[in-house]
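S.K.: First, the structure itself, so that you have it in front of you.
Each reported figure results from applying straightforward, stated rules to the coordinates on display, with no laboratory input. Model, not experiment: these values are computed from the prediction. Virtual Cβ from ideal backbone geometry, glycine too; neighbours counted across all protein chains shown.
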């Protein structure tokens, strides 16, 4: 029997959460009703009252925005402590806008793999602000979470079954035979797949486990979050393309903190300018008019790539170097001088020696002394480049180089 947190604003949605708790109990697990309500007394008696979570709640003005913000700030640490101490093995919540904001703030504080389910009126829209870089399952409530009816009873029962199934599946997970191997994270894009796959093969043959993240904005943020968590022993940041979108205004930026996590975690890393030749947009008509005279490549009907120019590449080189300058653990920067993606090599549509030179020169100019800068006269997908990346990282892990 597992304990499942049933988290909600019990001052407005107490009966709905009690229904879910009863369903969980019928399915053989123990619900723990946690009140995250902050405006009125709860409709039912919780196992954990809101006053135990946010001790200053009673002293706050009776302003909904302030109280929701205070609860959202206090709840993550409280829920994380419950999980870390083994008091809960899963979490479920029901909510509208405020309830979803509060509950998912708590869920984002839980580790990847911990069962989490949010039943929400917002689940069919843009869930990125609520999910962030965590594995929160979002289930549409279909009707508002406002009373029990023939639709909500069925959906809430399904949700209870889903979280019970997730918890049971987690308990049945076999021991991880790779858990004693050093974990290395790597960034990859379609245009660097060959390089990263070869690097992964070499790392695994040396005794490491490699997690690959697709550099699509969300992928970069997720990789950074995992690095920050302390799980990774090393970083193969071969594909830093998200910075091109962040700088120029593409759709796959990962935010201004991309490349910061390895510095904070103080773990060894290699960094390469993979796919900094491209900015991502959607269908051709979505490209801003100001870029009308630029060079484009239609990757597929939904993705239009724009070649970064020399000025943008110079700025990207400076950004990359300045980010790496903050690293205190061993770090190397590797440059593939004959092409930073498949389509930027000689004869391909994004081949632009002047732009590449601007990128490489900016890196050389701004990288602080003492950081190894390895320049190879090959393309990024040449096996020699993958091997150089691996051999630059492996000596700083407690295993023998390949």
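S.K.: Which value in deg cm²/dmol, rounded to the nearest 500, describes the helix-derived mean residue ellipticity at 222 nm for the chain, given -39,500 (n - 2.57) per DSSP H run of n ≥ 4 and division by the residue count?
M.R.: -12000 deg cm²/dmol
S.K.: Using the 10 angstrom Cβ neighbour count as an exposure proxy, how do 116, 55, 13, 134 rank, fewest first?
M.R.: Exposure proxy ranking, most exposed first: 55, 134, 13, 116.
S.K.: Ok, one more. Arranged by the count of other C-beta atoms within 10 angstrom, fewest first, what order do 332, 229, 85 take?
M.R.: Going from sparsest to densest Cβ surroundings: 85, 229, 332.
S.K.: What order, most packed first, do the peptides 1-11, 301-311 have when packing is the mean number of other Cβ atoms within 10 Å of each residue? Write out the running numbers ahead of the final one.
M.R.: Details: 1-11: 23.8, 301-311: 18.4.
Highest mean packing first, the order is 1-11, 301-311.
S.K.: If you don't mind, another one. Percent antiparallel among DSSP beta bridges with both residues in the stretch 182-396, to the nearest 5?
M.R.: Given both bridge residues lie in the stretch 182-396, the antiparallel proportion sits at roughly 30 percent.
S.K.: Moving on to the next point. Could you let me know the centre-to-centre spacing of the stretch 31-61 and the stretch 205-234, using Cα atoms, in angstrom?
M.R.: The distance from the Cα centre of the stretch 31-61 to that of the stretch 205-234 comes to 37 Å.
S.K.: In degrees between 0 and 90, to the nearest 10, how far off the longest principal axis of the chain does helix 150-171 point, with axes built from Cα atoms?
M.R.: On a 0 to 90 degree scale, this one is about 60.
S.K.: State whether the stretch 1-139 is rounded, prolate or oblate according to the following rule on the C-alpha gyration tensor (a ≥ b ≥ c being the square roots of its eigenvalues): a/c under 1.5 gives rounded; otherwise a/b larger than b/c gives prolate, and the remaining case gives oblate. All intermediate terms of the calculation are to be shown ahead of the outcome.
M.R.: Values: a/c = 1.37, a/b = 1.15, b/c = 1.19.
Verdict is rounded for the stretch 1-139.
S.K.: A further question follows. Roughly speaking, what is the centre-to-centre gap between the stretch 242-294 and the stretch 355-373 when only Cα atoms are used, to the nearest Å?
M.R.: 18
S.K.: Moving on to the next point. Before anything else, pin down the relative contact order of the stretch 182-396: Cα pairs under 8 Å, at least 6 apart, normalised by residue count, whole percent.
M.R.: 22
S.K.: Compute the long axis of helix 218-228 from its Cα atoms, compare it with the longest principal axis of the Cα atoms of the chain, and write down the angle in degrees, 0 to 90, nearest 10.
M.R.: With both axes taken from Cα atoms, the answer is about 80 degrees.
S.K.: State the antiparallel share, in %, of DSSP beta bridges confined to the chain, rounding to the nearest 5.
M.R.: Antiparallel bridges: around 20 percent, rounded to the nearest 5.
S.K.: Additional query: Using a basic spin-label model with each label point 7 Å from the Cα along Cα→Cβ, how many nm lie between residue 225 and residue 126?
M.R.: The two pseudo-label positions are separated by 1.7 nm.
S.K.: Test of understanding: ordering 17, 285 by Cβ neighbours within 10 Å, fewest first, what list do you get?
M.R.: Listed from fewest to most nearby Cβ atoms, that is 285, 17.
S.K.: Okay, next question. Compute the acute angle (0 to 90°) between the alpha-carbon long axis of helix 353-366 and the principal axis of greatest extent of the alpha-carbon atoms of the chain; round to the nearest 10°.
M.R.: Once rounded, the angle reads 70 degrees.
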